[in-house]
1. Would you grab the residues whose amide H sits under 5 Å from the one on H129? Only those 5+ places off in sequence or on another chain, please, with H modelled 1.01 Å from N.
2. Just by accessible area at a 1.4 angstrom probe, what is the order of D154, D52 from largest to smallest?
3. Taking 2.2 N^0.38 Å as the expected size of a compact globular protein, what ratio does the Cα radius of gyration of the chain give against it, to two decimals?
4. Quick one: which residues, 5+ away or cross-chain, put their amide H under 5 Å from the amide H of K3? H built at 1.01 Å from N.
5. What list of ³J(HN,Hα) values in whole Hz, one per residue of segment 5-13 in order, does the Karplus curve 6.51 cos²θ - 1.76 cosθ + 1.60 (θ = phi - 60°) give from phi, with Gly and Pro shown as x?
6. Where does the charge balance sit around I198 when Lys and Arg score +1, Asp and Glu -1, over other residues with C-beta under 13 Å from its C-beta?
7. So what's the angle, to the nearest 10 degrees on a 0 to 90 scale, between helix 222-231 and the longest Cα principal axis of the chain?
8. Report in % the part of the accessible area of the chain that belongs to carbon and sulfur, leaving out ligands and nucleic acids; probe 1.4 Å.
Amino acid sequence: MDKILVLGSTGNIGWPLVKILHQRTDCTVVAGVCHHVPQPMQDLSVATVHFDFLAPSTFAPALAGVTKVFFVRPPQLANPEQDMRPFLETVKEHGIAQVVFISLMGVEKNPMVPHRKIEQMITTLGLPHTFIRPSFFMQNLCTTHLADIQQHHDLFIPAGRAKTSFIDTEDIAAVAAAALTDPQYLGQALTITGPAAITYDHVAQIMSETLGVPITYSHPRLLQFRRAMIRRGVKKEFVNVMVMLYVITRLGNAKGVTDTVQQVLQRPARTVAQFVQANAALFLE
């Protein structure tokens with residue numbers, strides 16, 4: 001029976017994945033946590049282990065008995081060579097049977113983004129892997145951009161008029177669970193998106209209709225957005241990655257639509273309208 005280590009277990013993808021794997025009978029799951037164990041994880045009696053990408057002493061204990069590893073890049077870690085290589089080398093030493101990494105749609109055309117550098121590192125090390133390359137997360141509206149929506153009823157996002165095929169992170173987690181438990185996905189790179197590509201003007205329209213309050217899209221310039229985020233105290237390295245991703249969006253690299261979610265899960269991907277409806281109370285808070 002596989003023992004699967006889920007890193008980023010408290011995040012928008014990691015926590016839904018932990019819950020899915022915890023319900024399965026053909027594997028066991030252990031959640032890597034950097035600080036405290038959240039109450040919902042305690043309530044489920046999920047096994048946990050201390051883990052920190054920047055603390056090599058946590059690597060071996062976390063990997064003990066593990067056969068497969070799932071991880072995402074923590075947003076604050078922008079230097080893969082320094083922040084990720086030591087862990088991945090330890091993974092290789094432990095003979096892990098599969099690494100599932102959440103990358104980014106279109107990274108094969110963008111060698112400068114950290115996700116692509118991590119993919120190349122995994123490949124160079126010869127680690128058995130599955131890359132999941134999602135489009136932009138719907139949950140970004142509930143995290144990075146939530147304050148602007150709640151306080152100003154505005155999408156303060158520098159994406160121009162480009163289209164984005166938004167995907168729900170719960171769909172990403174479900175695809176990751178399939179990749180970790182079905183050998184047919186070993187060695188594959190799965191590009192996954194929502195069912196349609198829409199502009200942020202369209203997102204604002206959907207939110208206005210669903211929430212019953214006018215939501216605008218202010219089209220900030222890239223430098224305007226960068227300065228505003230830094231003034232708010234967001235780390236410069238994280239802001240720079242965000243700006244890079246929105247440059248990619250403006251170039252049209254986020255508009256592709258695939259049916260991979262439907263093929264893997266045998267159900268359609270969640271729509272933006274469904275997501276906004278499910279999170280209406282939060283947006284109106």
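1. The list, which skips near neighbours in sequence, is V99, G187.
2. Details: D154 20, D52 45 Å².
Final ranking, largest accessible area leading: D52, D154.
3. Numbers: Rg = 18.7 Å, N = 285, 2.2 N^0.38 = 18.8 Å.
Working it through for the chain, the quotient is 0.99.
4. Distant-sequence amide H within range of K3: T28, T67, K68.
5. 8, 9, 9, x, 5, 9, x, 5, 9
6. On the way: positive: R161, K163, K255; negative: D201.
Residues near I198 contribute +2 overall.
7. So the inclination is approximately 70 degrees.
8. Working: 6760 of 12760 Å².
Here carbon and sulfur together make up 53 percent of the probe-accessible area.
The values are calculated or read from the model by the stated rules, or taken from the named source; none is laboratory data. Since this is a predicted model, take the numbers as computed values, not measurements. Every residue, glycine among them, receives a Cβ derived from its backbone with ideal geometry; neighbour counts consider all protein chains shown. Keep in mind that these areas ignore ligands, DNA and RNA; they rest on the heavy atoms of the full protein, side chains included. Shrake-Rupley method; radii C 1.70, N 1.55, O 1.52, S 1.80 Å.
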